[in-house]
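S.K.: Quick one: the structure is below, questions incoming.
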Amino acid sequence: KLTKQVEILNGLRGGPSAKQILLAVDRVMRNDVWFTQWSFIRAGQITQVQPATVQQGYFIIIPQEASTPTQQAWKLETHMEISGQALDHSSISELISNLIRQPEIADVKVINTSLRSYTSSQIVEFKLVVIINNQFKDEHV
């Protein structure tokens, strides 16, 4: 039982380090996009493992107990929530495209965008969820 708990803990610590994530974002940052809020969430949840399905994310299988007929896994959901502003939608689009190309990043989802008008210009406010690649391993950083 202790060994399984250690595996779960190691899984929660797995994936790219904070330094690697910051370097990945730094590689693609643009002058016409800026962040106003950034949060990093490394969490997990118990989920049922269904045979013959495509699974996304990083799973740690929890051993079956005699009373449990279905197999369970601890699904790690590491992601960043980023709010910010940009000069236009194409700047956000290019940032997202470049983020997705980074090996530390599994996916980027746009939650919302909206135009905000000021006296002489407009900016685009946005909120993104950046899914971290928990399978990423790099010993060079």
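The values are calculated or read from the model by the stated rules, or taken from the named source; none is laboratory data. Note that this is a predicted model, so its numbers are computed, not measured. Quick reminder, even Gly has a Cβ in these numbers, built from the backbone with ideal geometry, and neighbours come from all protein chains shown. Protein only, heavy atoms only, side chains kept; ligands, DNA and RNA dropped before computing areas. Shrake-Rupley method; radii C 1.70, N 1.55, O 1.52, S 1.80 Å.
S.K.: Kindly indicate which of V54, V124 is farther than 26 Å from Q5 by Cβ and either at pLDDT 95 or above or open to solvent by less than 60 Å² (accessible area, probe 1.4 Å) (or both).
M.R.: V124
S.K.: Scanning segment 1-47 for residues that are part of a loop (DSSP other than H, G, I, E, B) and open to solvent by less than 40 Å² (accessible area, probe 1.4 Å), which turns out modelled with the highest pLDDT?
M.R.: Filtering first and then ranking leaves D32.
S.K.: Within segment 82-100, how many residues are in contact (Cβ under 8 Å) with a residue 40 or more places away in the chain, under 20 Å from N134 (Cα atoms) and either open to solvent by 60 Å² or more (accessible area, probe 1.4 Å) or part of a strand (DSSP E or B) (or both)?
M.R.: Going through segment 82-100 one residue at a time, the tally reaches 1.
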